[in-house]
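**Q** Following this message is one structure expressed as structure tokens.
The values are calculated or read from the model by the stated rules, or taken from the named source; none is laboratory data. Predicted model, so just to flag it, every value in this text is computed and none were measured. Neighbour counts run over all protein chains shown; Cβ positions are idealised from the backbone, glycine included.
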Amino acid sequence: MYRAKDEGRRRIVSFTDAIDGGSTVENMLELDLAEALSSGQIVPYYQLISSCSAGDVLMIEVLARWRHPRLGVLSAGDFIPHAEAAGLIPVLFSAILNQACKDALKWPSATAIAVNVAPLQLCDRNFASIVLEILRGNGFPPVRLEIEVTEEAMVVDLETTRMNIKRLKAEGIRVALDDFGTGYSSLRQLESFLLTGSRSIAALYPVSATIRKATRLSRRRSNFAMRWE
């Protein structure tokens, strides 16, 4: 039944050994996840983002990986849905950000890190405080952190999301929107989140026709990103 729902509903799916095996693995992941977080099995991996022209490292993206004792290294896509279902995303995020801050303090001081945030985290009125407490606890400069959110964050709880973004930006943290155009937000919504002075979409992208073209392209290619700095 669940496989039929996942594949689009209104269809018949025959039970197979492969489905049974997949369910067994998923159930095991759900059971193991809490222990994995408490024992430090879920750790940050790092991906360099470099300048194409100069080759300089512009930023380091923080990726969550699970060093599972039986299944090997699992990517975020393998366990994040289970963490969401179990309500463990806040714990996972804090663990990853805390370790990333410790590691990044050993790197050149100009190197910033980028961490992904789930839309529901921005609906938590304490989210900005949690982030800032982790930074202060590690002595990590806020200006070296970038929070990456998806477009979905702007259609869940706008007011709380805006409040969190405003506080983070006030401390010097950058906020980036990934994959603009893949959801249901508009340029007007984006403009409402540009909280620095009187900046607007037009100020960031002077040619409105270019914006419209980029928006159309993003809906097809899902690779358009904006940053609020």
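**Q** For the list (1) at pLDDT below 95; (2) buried (at least 18 other Cβ atoms within 10 Å of the Cβ), I need the number of the one condition that residue 55 fails.
**A** Condition (2) is where residue 55 drops out.
**Q** For segment 1-48, name all the residues that are modelled with pLDDT of 70 or more, surrounded by fewer than 13 Cβ atoms within 10 Å (Cβ to Cβ) and not charged (D, E, K, R).
**A** The answer is 31, 38, 39, 40, 47, 48.
**Q** Tell me the helices (runs of 4 or more DSSP H) entirely within segment 44-151 that contain at least 3 residues that are within 22 Å of residue 163 (Cβ to Cβ).
**A** Output list reads 89-104, 127-138.
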